[in-house]
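Have a look at the structure below, then the notes.
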Amino acid sequence: MAERIPFIAGNWKMNLDHLQAIAFVQKLAWTLKDARHDYGVTEVAVFPPFTDLRSVQTLISGDKIELGFGAQDVSAHPNGAYTGEISAEFLKALDVQYVIVGHSERRQYHHEGDEHIAEKVANAIKNGLVPVICVGETAEDLELYGPSAVPVQQLHGALALAGGATNIVVAYEPVWAIGSGQAATPEQAEQVAEQLRYVLGEVLGGEVADATRILYGGSVKSSNIAGFLRQPNVDGALVGGASLDIAEFASIAQFRKHVGT
Ligand code: PEP
């Protein structure tokens, strides 16, 4: 079976300008260094706003910091007359490794549907970015269809143009758990993650499914992270609110200390 290196990803959303981002990343790197964090054992990445990316890139490469970084969205188009959009090529030119696609806030506030998300995923992959594909059910979906149906359908949709992809990350983020303080239980997350891995197998084949990291997201904190990472199909976390608190995010990244492994 493929070894999946746990991945702790911090989605800053629309918080921290480029000056704040520099101070934040510096302090986060020092905190993780003090804790003797081994990035080979647990990968850690931040997802700042677009306007911070150049500053974060310069700092990370200049100071040889092992933190990864990604963008929070990408255009479905290569380039051209798309006012306000950001091209995957531009992100790649800034050494961006990851890009979040299909976050529930984009689906909800920007009306992004499965087809659009599939185009973004395909465009990210084509340009050498690793898409972090977000799927998750609302509270209403949960009541009507149970926990897995909507995430499974969304993952099928997101992968519709991604045949042959070998390097993606999936984030299961129940919408009702995002920013609510009410996280799913580790068992709930595992149940859906198992179904999502099954979909990965159907679409991309068993080997890719086995190697793909599936994250849980939704009110993750240092006090609940270890329970999620104990599940066989959960390989990390996409962290929103708690990723803006350096000590808390570093403690989440150090989740092994909470389970004593
Ligand atoms: C998110 O928005 O991706 C998220 C998981 O947020 P929070 O951790 O604040 O629930």
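Across segment 163-182, the number of residues qualifying as surrounded by 16 or more Cβ atoms within 10 Å (Cβ to Cβ) and either touching a strand residue (DSSP E or B) at 6+ places or on another chain (Cβ under 8 Å) or within 17 Å of residue 103 (Cα to Cα) (or both) comes to 11. If you scan segment 164-176, which residues turn out to be among the hydrophobic types (A, V, I, L, M, F, W, C) and either more than 16 Å from the ligand (Cβ to nearest atom) or within 16 Å of residue 236 (Cα to Cα) (or both)? Matches in segment 164-176: 165, 168, 169, 170, 171.
Scan the helices (runs of 4 or more DSSP H) fully inside segment 181-261 and keep the ones with 3 or more residues being among the hydrophobic types (A, V, I, L, M, F, W, C) and within 16 Å of the ligand (Cβ to nearest atom). If you could, list the steps in order and put the result at the bottom.
Numbers: elements: 186-204, 206-211, 225-229, 246-253, 255-259.
Those helices (runs of 4 or more DSSP H) span 186-204, 225-229, 246-253.
Tell me, please, whether a residue that is within 16 Å of the ligand (Cβ to nearest atom), more than 30 Å from residue 187 (Cβ to Cβ) and out of contact with any Asp or Glu (no Cβ under 6 Å at 6 or more places or on another chain) can be found in segment 101-111. Yes. Answer yes or no as to whether residue 41 is modelled with pLDDT of 95 or more, of a type in the set (Val, Ile, Thr) and loosely packed, with under 14 Cβ neighbours inside 10 Å. So residue 41 passes the test. Pairs meeting the criteria (first residue in segment 85-107 and within 15 Å of residue 120 (Cα to Cα), second residue charged (D, E, K, R), beta carbons under 6 Å, at least 6 apart or on different chains) are 101/120; 106/112. Taking the criterion of being under 27 Å from residue 241 (Cβ atoms) and crowded, with 21+ Cβ neighbours inside 10 Å, the residues of segment 191-212 that qualify are 192, 193, 196, 212. With respect to residue 150, is the statement that it is without any contact (Cβ under 8 Å) to a residue 40 or more places away in the chain, crowded, with 19+ Cβ neighbours inside 10 Å, in a helix (DSSP H, G or I) and out of contact with any Ser or Thr (no Cβ under 7 Å at 6 or more places or on another chain) true? So residue 150 fits the description; yes.
For segment 26-38, a residue qualifies if it is free of Cβ contacts under 8 Å to residues at least 24 places away in the same chain and either surrounded by 13 or more Cβ atoms within 10 Å (Cβ to Cβ) or touching a helix residue (DSSP H, G or I) at 6+ places or on another chain (Cβ under 6 Å) (or both), and exactly one does: 30. Counting only residues that are surrounded by fewer than 19 Cβ atoms within 10 Å (Cβ to Cβ) and either in a loop (DSSP other than H, G, I, E, B) or in contact (Cβ under 8 Å) with a residue 60 or more places away in the chain (or both), segment 125-144 holds 3 of them. Is there a residue being touching a residue at least 24 places away in the same chain (Cβ under 8 Å), charged (D, E, K, R), crowded, with 19+ Cβ neighbours inside 10 Å and more than 16 Å from the ligand (Cβ to nearest atom) anywhere in segment 52-65? Within segment 52-65, one or more residues are touching a residue at least 24 places away in the same chain (Cβ under 8 Å), charged (D, E, K, R), crowded, with 19+ Cβ neighbours inside 10 Å and more than 16 Å from the ligand (Cβ to nearest atom).
The values are calculated or read from the model by the stated rules, or taken from the named source; none is laboratory data. Quick caveat: nothing in here was measured; it's all calculated off a predicted structure. Every residue, glycine as well, gets a Cβ built from its backbone with ideal geometry; the counts of neighbours run over all protein chains shown.
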